[in-house]
Amino acid sequence: MDFLHDLPITNKFDLVWSFGVLHHTGDTYGALKRIRPLVKPDGYLFLMLYGEPRWWNPDEFAYRAEYARLRLRAINMSDVQIIDLIKAELPGEDIHGWFDAIAPRINDCYQFEEIVMWLNGLGFTNIRRTIEDVHHHVIAKFDNAT
């Protein structure tokens, strides 16, 4: 589906699951606003969004530098060439994860506080991380009273 336009779904769900999609749209907040109506009152939204490196973790900055280096190398490559690049440069690493990090043209990254602000503004409460990681794995409850 195209998350940059209104979605052709009228159903509402107890749980809407968005794992690693919205940060590739170029308008993460706009896409988030478009999926919010899919969540039932008292329902939940789960998001996984890319995170900015956290200042206290130098390994996250090293990862981001490697990610940027490979994105530059892969900019004009086909998917098969990108997979070959990952296999050659990062033997034994998760091909899917690295492909998702370097192949898309858009990979926006956020701080957790920014995501909380968005979700609060859209009527979500009880916003929390499900795991501690540089990337944000977040669950939030839609409070229809807001």
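The values are calculated or read from the model by the stated rules, or taken from the named source; none is laboratory data. This structure is a prediction, so every number in the text was calculated from the model and none was measured. Cβ placement follows ideal geometry from the backbone for every residue including glycine, while neighbour counts extend to all protein chains displayed. With ligands, DNA and RNA removed, areas are computed over all heavy atoms of the protein, side chains included. Shrake-Rupley method; radii C 1.70, N 1.55, O 1.52, S 1.80 Å.
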Count of segment 27-38 residues which are more than 17 Å from V116 (Cα to Cα) and either of a type in the set (D, E) or open to solvent by less than 50 Å² (accessible area, probe 1.4 Å) (or both): 1
Filter result (at pLDDT 95 or above and over 16 Å from H137 (Cβ atoms)) within segment 42-54: D42, G43
Extreme residue, nearest to G123 (Cα to Cα), among residues of segment 10-42 that are in contact with a strand residue (DSSP E or B) (Cβ under 9 Å, 6 or more places away or on another chain) and among the acidic types (D, E): D42
Residue count for segment 47-91, restricted to those that are closer than 24 Å to T28 by Cα and aliphatic (A, V, I, L, M): 9
Residue count, segment 97-140 (criterion: closer than 16 Å to A31 by Cα, open to solvent by 30 Å² or more (accessible area, probe 1.4 Å) and within 12 Å of the chain's Cα centre (by Cα)): 2
Single condition W55 does not satisfy, out of (1) open to solvent by 60 Å² or more (accessible area, probe 1.4 Å); (2) under 23 Å from D2 (Cβ atoms): (2)
Residues being in contact (Cβ under 8 Å) with a residue 24 or more places away in the chain, surrounded by 12 or more Cβ atoms within 10 Å (Cβ to Cβ) and assigned to a loop (DSSP other than H, G, I, E, B) - total across segment 4-26: 6
Criterion (closer than 24 Å to R129 by Cα, of a type in the set (A, V, I, L, M, F, W, C) and without any contact (Cβ under 8 Å) to a residue 40 or more places away in the chain) met by exactly one of A103, A62: A62
Options D84, D94, D143; residue that is out of contact with any helix residue (DSSP H, G or I) (no Cβ under 7 Å at 6 or more places or on another chain) and either surrounded by 17 or more Cβ atoms within 10 Å (Cβ to Cβ) or modelled with pLDDT of 95 or more (or both): D84
